[in-house]
Structures are given as structure tokens and as C-alpha cells.
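Here the structure comes first, spelled out in C-alpha cells, and everything after it is commentary.
The values are calculated or read from the model by the stated rules, or taken from the named source; none is laboratory data. Please read all numbers here as calculations on a predicted model, not as lab measurements. Counting neighbours? That spans all protein chains shown, and the Cβs are built from the backbone with ideal geometry, glycine included.
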Amino acid sequence: MINLPVDYIGFVFAKSRRNVSPKQAAQLIQVLRQWDTGKTPAAVGVLVNPDLNELEELLQEAALDVVQLHGQESPQFCREVKERFPVSVFKAVSIESDRSEADRLSSLDAYAGCIDGLLLDTYDPVYGGGSGKTFAWDLIPPYQRWASQQGIPLFIAGGLDSDNVSHLIGQYAPYGVDVSSGVESEPGVKDINKVTAFVERVKGK
């Protein structure tokens, strides 16, 4: 993937078949810094319900730019991460279509000023997200309005691939998209051809 025009690259530290160690991430981040695209991709750490000590140890080894939180992290925790560490904080929200819009959105207001980005993902009962399945995209606009009001970017994840991402972007124009299983040849193994095709669709090339 070296030199592909991507803006972020994720390193999964949560329980997953895509899990990497802090040491592995540190080595890969060194490679990122050598990319020759005019802009170095931001290194994003994906975690679920970490504590501050765990984050401190991780960040001492791996120079992450963003911490992406996929658990039940509170607004106060997100604020503490922002204040304590030199990273941006993205909060993932799992979309459950059987909940009312008011119920889904009511908990977001407490995160105002506590996060630097919002990511929508499909709800998964085991991992919270990362299911490789799409959610009902017609649920996106209220979250998009909320993110816009806060002045933060909105990212969309969940079952994206090179076949459907153009439709998502054309209809909803999120700030960014997050992909994993949609560019894999088998679970946990990225396919460079699929990655390239996905990036070309996103960048409109």
C-alpha cells in the first residue's frame, strides 16, 4: 500500500483477527513516515474500552496521531485522553436500526467538545463494530448534521467495498470512509488490488 493516496491508516489493538502489537505498529508507522505522496497518512489506533494507563504505554511505543474508540468510552474519558495525550480522539458509534432516532442521538450531545471525529459503524453484538456489514444509510443525515454543528468530521464504516463506496459518497458525501474487510482476500489479509480499487473509487480516479 506504500504511496497510495490514503489519509489514514488504522492499527487494531482491540481483540480482533486484525490485531497488531504496539511494537508491530511502531515498525509500520516508521514505514508510513517514508511515503512519498506529499502527505503522510495519519496513524490511527483502534481500541475498545482501554484505560488511561494502557493508552499511555501504547503511545510511548507507537507514535499514533489518532485514537479511535469503539467501546463504551464516556465523554469524560474522551476528554481526558485529549487533555493528557497529543492525539486526536475519534469516537465510533454502532448503529442499531431498531432504536429510535431520538434514542440514538440523545447520547451524542454529551460528547460535544470531547471528540475530534465521529465514525458510524454497523452494530455487532460481539465486537460492537467491524462486522463487515452495511447499516441503513438513510440513518446517516442526523449524525451528519450533529457532526457539522460540532465542526468535526464524520466517517462512515461498515461493509464498504469498491462496489458500494461510490454510491455512499455520491449520496451522502461523508468527510471520510473506513474500510477493512471490504479490501481483504481473506479475514485479516489485505489485498493490494482491492485496496487500490477502493482508493481509486473514493478519490474519483
For the range 178-204, what are the residues that are over 19 Å from PRO153 (Cβ atoms) and hydroxyl-bearing (Ser, Thr, Tyr)?
SER181, SER185, THR196
Out of the range 17-34, which residues are under 18 Å from the mean Cα position of the chain (by Cα), surrounded by fewer than 16 Cβ atoms within 10 Å (Cβ to Cβ) and in contact (Cβ under 8 Å) with a residue 12 or more places away in the chain?
ARG17, LEU28
Residue pairs, Cβ under 6 Å, 6 or more apart or interchain, first in the range 35-46 and over 27 Å from ALA14 (Cα atoms), second surrounded by fewer than 16 Cβ atoms within 10 Å (Cβ to Cβ). List them.
ASP36/ASN3; THR37/ASN3; THR37/PRO5
Determine the pairs where a residue that is among the polar types (S, T, N, Q), located within the range 90-105, has a partner that is loosely packed, with under 11 Cβ neighbours inside 10 Å and at pLDDT 75 or above with Cβ atoms under 6 Å apart, the partner being 6 or more residues away or on another chain.
SER97/ALA136
Hits in the range 130-171 (condition: over 17 Å from the mean Cα position of the chain (by Cα), assigned to a loop (DSSP other than H, G, I, E, B) and touching a residue at least 12 places away in the same chain (Cβ under 8 Å)):
ALA136, SER162, ASN164
Of all the residues that make up the range 173-205, how many are over 22 Å from ILE140 (Cα atoms), among the β-branched types (Val, Ile, Thr) and assigned to a strand (DSSP E or B)?
1
Of everything in the range 145-170 that's of a type in the set (S, T, N, Q) and out of contact with any helix residue (DSSP H, G or I) (no Cβ under 7 Å at 6 or more places or on another chain), which residue is surrounded by the fewest Cβ atoms within 10 Å (Cβ to Cβ)?
GLN149
